[in-house]
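Engineer: Pasting a structure below so you can have a look.
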Amino acid sequence: MTYHFKCTLCGDELDPRTTRYVCPKHGDDGILDTILDYAKIAKKTSPRKISDSRDFSIWRYADLLPIDDAHASRFAPPLQVGWTPLYRAQKIGAQLGLSNLYIKDDGRNPTASFKDRASAFVVAKARELGVEIITTASTGNAGAALAGLAAAAQMPTVIFVPETAPPAKIAQLLIFGSRVMLVKGNYDQAFDLCLAASKEFGWYCRNTAYNPFTVEGKKTASIEICEQLSPSPVGTGEGRGGGWRAPDRIFVSVGDGNIISGLWKGLRDLAALGWIDPLRVPRLMGIQAEGSAACYNAWKAGTDKITPVSATTLADSISADIPRDGVRAVRAVRETGGAYLTVTDDEILAAIRDLARAEAVFAEPAGAAAYAGLVKAVKQGLVKSDETMVCLITGSGLKDIKSAMRVAGQGTRIEPSLDALRRVLKS
Ligand SMILES: *Cc1c(COP(=O)(O)O)cnc(C)c1O
């Protein structure tokens, strides 16, 4: 696989053998796109070939990732990441009047969030580079994903999280054996400390967007969606026209903006290869918490310039003062003709409950935010009833029980007798 980097700010092209993270001209803001050799990929593989693969993980798309084949099979950590279920959401679809709604449950990844896609790929690249220690800052999920995937590869990690991260996420870091730094500050402060530590001690840094490979791992989700929506069943080799089918819209929650940028990258790769119709790339719908809406603000103002906010939301995974991938995240929505929407914490909590009751998918607040945004988009008349839409649920509800319990209702305490049960059922 040959590839190179391109600065998202100045367009300078950079060699991965000499540049590890960001554009030297722009420092930590100069995050990099990965430019692939599409002609080479097209020669090597095809949708049909991939759909015949028996590898049901992100690695079925290894030929579209910036890593050599031999290295992908040698360095991929041995946990199953990706190929998460895409459900037809009949009940919610009926409630909202939508005939082609799907829910993709990325809480079904090994550490229960979408972040496993990025961490799996970064761990593979770290092994390829021969580094010893990997570090990241995280609101919790990116760290848990790195901790888990690094444990699978037997690599040590140092992880920086705000001390206020949900206990389940901190438990994941610890149980996988990471060295855990509980930062007395917010995610943005943890991010800066991790960056400084990486520079000081030479640890390989997974920090979201700063490491160019997080977006490459995350792009597997939109590729997967297009394959899962394709009319031919997997394994039959009957790719109609050889192509896959893109939805009309994808709803996703946005904090740092790296997931939405990853989805966009996957779609751009597929469009460049002609595997989806380049004229019908899905509109990306970015959902932010009202109290953490820097990307929404920039999109609304018609600029790429991100103005930091003072983030407050119970959806910890999308709480970001400075979205680290903000520029790309705003472009992703603008250039696909999508929209940004904000949702309140109350709407997010209601979404956790409604999604669980209608579709039996239990999401953490940031995951349910995408669904809350879909509900709002329908109310505002932004979508047509027959559009094919995917709502991406990015994290499991078991990550944050405290939030779920606020809308779950209460159990009934009873004596262990049928009489007591009868009394309760009657009242
Ligand atoms: C990280 C995360 C997000 C947001 O992703 P960004 O790249 O920060 O925009 C959404 N939901 C969950 C569950 C996450 O862990």
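Engineer: With the checklist (1) within 28 Å of GLU13 (Cα to Cα); (2) among the charged types (D, E, K, R); (3) more than 16 Å from the ligand (Cβ to nearest atom); (4) at pLDDT 95 or above in hand, flag the one item LYS91 doesn't pass.
Structural biologist: (1)
Engineer: So, PHE176, is that one crowded, with 16+ Cβ neighbours inside 10 Å, in contact with a Gly (Cβ under 6 Å, 6 or more places away or on another chain) and not assigned by TED's automatic domain parsing to the domain that holds ASP321 or not? Steps first, answer last, please.
Structural biologist: Values: crowded, with 16+ Cβ neighbours inside 10 Å: yes; in contact with a Gly (Cβ under 6 Å, 6 or more places away or on another chain): yes; not assigned by TED's automatic domain parsing to the domain that holds ASP321: yes.
So PHE176 fits the description; yes.
Engineer: Now, a different point. Within the range 366-410, can you find the residues that are over 15 Å from ILE348 (Cβ atoms), in a loop (DSSP other than H, G, I, E, B) and not β-branched (Val, Ile, Thr)?
Structural biologist: Passing the criteria: GLN380, GLY381, LEU382, LYS384, SER385, ASP386, GLU387, GLY409, GLN410.
Engineer: Does the range 359-378 contain at least one residue that is closer than 17 Å to GLN95 by Cβ, within 13 Å of the ligand (Cβ to nearest atom) and among the hydroxyl-bearing types (Ser, Thr, Tyr)?
Structural biologist: Checking the range 359-378: at least one residue is closer than 17 Å to GLN95 by Cβ, within 13 Å of the ligand (Cβ to nearest atom) and among the hydroxyl-bearing types (Ser, Thr, Tyr).
Engineer: Further, regarding this structure: Can ALA152 be described as surrounded by 24 or more Cβ atoms within 10 Å (Cβ to Cβ) and modelled with pLDDT of 95 or more?
Structural biologist: no
Engineer: Suppose we keep only residues that are among the small types (Gly, Ala, Ser) and either assigned to a loop (DSSP other than H, G, I, E, B) or buried (at least 24 other Cβ atoms within 10 Å of the Cβ) (or both) within the range 318-343. Which one would you say is farthest from the ligand (Cβ to nearest atom)?
Structural biologist: GLY337
Engineer: Can you list the helices (runs of 4 or more DSSP H) found entirely within the range 181-290 that contain at least 2 residues being more than 19 Å from PRO323 (Cβ to Cβ), touching a residue at least 40 places away in the same chain (Cβ under 8 Å) and of a type outside the set (D, E, K, R)?
Structural biologist: Of the helices (runs of 4 or more DSSP H) lying wholly inside the range 181-290, those with at least 2 residues that are more than 19 Å from PRO323 (Cβ to Cβ), touching a residue at least 40 places away in the same chain (Cβ under 8 Å) and of a type outside the set (D, E, K, R) span 187-201, 220-228, 258-273.
Engineer: Oh, and also: Kindly list the number of the only condition in (1) within 13 Å of the ligand (Cβ to nearest atom); (2) crowded, with 17+ Cβ neighbours inside 10 Å; (3) over 20 Å from LEU392 (Cβ atoms) that fails for ILE287.
Structural biologist: Looking at each condition in turn, ILE287 falls short on (3).
Engineer: Within the set of pairs 6 or more residues apart or between chains, which connect a residue that is at pLDDT 95 or above inside the range 404-427 to a residue that is of a type in the set (Phe, Trp, Tyr) with Cβ atoms less than 8 Å apart?
Structural biologist: Partner pairs satisfying both residue conditions: ALA404/PHE362.
Engineer: Condition (residue is away from the ligand (no atom under 16 Å from the Cβ) and modelled with pLDDT under 95) applied to the range 210-223: is it met by at least one residue? Give the steps one after another, and end with the answer.
Structural biologist: Pass one, the range 210-223, residues away from the ligand (no atom under 16 Å from the Cβ): 223.
Now drop any that are not modelled with pLDDT under 95, which leaves none.
The answer is no, given that none of the residues of the range 210-223 is away from the ligand (no atom under 16 Å from the Cβ) and modelled with pLDDT under 95.
Engineer: Just to check your reading of the model, which residue among ALA120, ALA124, ALA137 is within 16 Å of the ligand (Cβ to nearest atom), buried (at least 19 other Cβ atoms within 10 Å of the Cβ) and farther than 25 Å from ASN186 by Cβ? Talk me through it step by step, then tell me what you get.
Structural biologist: Values: ALA124 fails: within 16 Å of the ligand (Cβ to nearest atom); ALA137 fails: farther than 25 Å from ASN186 by Cβ.
Answer to the check: ALA120.
Engineer: Restricting to the range 56-104, and then to whatever is in the same structural domain as ALA369 (by TED's automatic domain parsing) and part of a helix (DSSP H, G or I), can you tell me which residue is surrounded by the most Cβ atoms within 10 Å (Cβ to Cβ)?
Structural biologist: Across the range 56-104, the extreme among qualifying residues is ILE92.
Engineer: What about VAL424, is it surrounded by fewer than 23 Cβ atoms within 10 Å (Cβ to Cβ), outside the structural domain of LYS104 (by TED's automatic domain parsing), in contact with a Ser or Thr (Cβ under 9 Å, 6 or more places away or on another chain) and over 30 Å from ASP29 (Cβ atoms)?
Structural biologist: So VAL424 passes the test.
Conditions (1) more than 16 Å from the ligand (Cβ to nearest atom); (2) of a type in the set (Ser, Thr, Tyr); (3) over 26 Å from TYR371 (Cα atoms), marked per residue:
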| site | (1), (2), (3) |
| --- | --- |
| ARG48 | yes, no, yes |
| ASP52 | yes, no, yes |
| TRP59 | yes, no, yes |
| VAL81 | no, no, no |
| PRO85 | yes, no, no |
| VAL131 | yes, no, yes |
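Residue-wise test of (1) over 18 Å from the mean Cα position of the chain (by Cα); (2) within 28 Å of ASP192 (Cα to Cα); (3) aliphatic (A, V, I, L, M).
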position	(1), (2), (3)
ALA315	no, yes, yes
ILE318	no, yes, yes
GLY337	yes, no, no
GLU359	yes, no, no
PHE362	no, no, no
ALA369	no, yes, yes
LEU374	no, no, yes
GLY381	yes, no, no
THR388	yes, no, no
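The values are calculated or read from the model by the stated rules, or taken from the named source; none is laboratory data. Just so you know, these numbers come straight off a predicted model, no measurement behind them. Every residue, glycine among them, receives a Cβ derived from its backbone with ideal geometry; neighbour counts consider all protein chains shown.
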